[in-house]
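Worksheet: the structure to be examined is printed underneath.
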Amino acid sequence: MGPVIIVLVQSELVIFDLDGTLVDSRLDLANAVNRVLLDLGQPSLAVEQIVAFVGNGVDRLLVRALADPTLVEVARPLFERNYGEALLVHTRPFPGVDTLVRNLGARRTLAVATNKPGPWARAIVSGLGWAEAIPHVVGGGDVARLKPAPDMVEQLLDRAGCSHAEAVMVGDMEVDLEAARAAGLRCIGVSWGLAGRERLQAAGAQRIVDSAAELDRLLR
């Protein structure tokens, strides 16, 4: 067996996904969806079932959760009210991520690209005390198309004044890998998120890390 080769990723701009990558927001999202279902007279769903619907924007989340997808137009404002009032009730950084963000933010330019609506994403980043470490946050509604389209990545590259070769994306789902590919960026998958290692490998992820410490070493 030959020597183990560790390839370090030197990047001036690190673009993170938010939900499932930096923060565990599963319970707050699930509670908000279940309150919508209750308001509409539908049975609640298990947290794990709702979590499986997350990743492609609010409308897709509601379509998947509702027994009647035609109710999305009615359900969206209910969800916006319920979730907007409870963004940080249970949402917390994954283990080691707070230290990673604060330390890495002192050495690199950090950004967030998320399909979560931009105002909510910025409120979460600010509420966790990361506004200085992560100055650039782009979410749903800030660009024409959600991930996997490259729109968010391209806007962040423009904001940071970085080339594609100077940036790397970090995410937990297939949609993050696809967005990185569409923009021509390298991508690192994290195994602790919504998809998990096997799905990321099946999607063609070439680098997957299992802890914030491992991610820090790779990026450092």
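Determine, yes or no, whether V58 is within 14 Å of the chain's Cα centre (by Cα) and more than 15 Å from L194 (Cα to Cα).
Considered against the rule, which asks whether it is within 14 Å of the chain's Cα centre (by Cα) and more than 15 Å from L194 (Cα to Cα), V58 comes out as yes.
For the stretch 90-116, enumerate the residues that are under 18 Å from the mean Cα position of the chain (by Cα) and either at positive phi or hydrophobic (A, V, I, L, M, F, W, C) (or both).
Answer for the stretch 90-116, where residues must be under 18 Å from the mean Cα position of the chain (by Cα) and either at positive phi or hydrophobic (A, V, I, L, M, F, W, C) (or both): F94, G96, V97, L100, V101, L104, L110, A111, V112, A113.
Pairs please, first residue from the stretch 153-169 and under 11 Å from G184 (Cβ atoms), second anywhere and crowded, with 21+ Cβ neighbours inside 10 Å and among the charged types (D, E, K, R), Cβ atoms under 7 Å, 6+ apart in sequence or on different chains.
M169/D176
What number goes with the only condition from (1) open to solvent by 60 Å² or more (accessible area, probe 1.4 Å); (2) among the aliphatic types (A, V, I, L, M); (3) not in a loop (DSSP other than H, G, I, E, B) that V36 does not pass?
(1)
Go through the stretch 153-174 and give me each residue that's hydrophobic (A, V, I, L, M, F, W, C) and closer than 14 Å to V112 by Cα.
Answer for the stretch 153-174, where residues must be hydrophobic (A, V, I, L, M, F, W, C) and closer than 14 Å to V112 by Cα: V153, L156, L157, A160, A167, V168, M169, V170.
Identify the single condition in (1) farther than 30 Å from A213 by Cβ; (2) within 18 Å of the chain's Cα centre (by Cα); (3) modelled with pLDDT of 95 or more that A46 does not satisfy, given that it satisfies every other one.
Answer for A46: the failing condition is (2).
Which of the residues that make up the stretch 182-218 are more than 24 Å from G105 (Cα to Cα), of a type outside the set (G, A, S), surrounded by fewer than 16 Cβ atoms within 10 Å (Cβ to Cβ) and at pLDDT 95 or above?
Correct list: E198, Q201.
Being of a type outside the set (S, T, N, Q) and either open to solvent by 50 Å² or more (accessible area, probe 1.4 Å) or closer than 25 Å to M173 by Cα (or both) is the requirement here; does L45 meet it?
Criteria met by L45.
Any idea which of V63, V74 is without any contact (Cβ under 8 Å) to a residue 40 or more places away in the chain, more than 24 Å from K147 (Cβ to Cβ) and among the β-branched types (V, I, T)?
After ruling out the rest, the residue left standing is V74.
The values are calculated or read from the model by the stated rules, or taken from the named source; none is laboratory data. All figures in this text were calculated on a predicted structure; none of them were measured in a lab. In this analysis, Cβ positions are derived from the backbone assuming ideal geometry, glycine residues included, and neighbour counts consider all displayed protein chains. Ligands, DNA and RNA are excluded from the accessible area calculation, which covers all protein heavy atoms including side chains. Shrake-Rupley method; radii C 1.70, N 1.55, O 1.52, S 1.80 Å.
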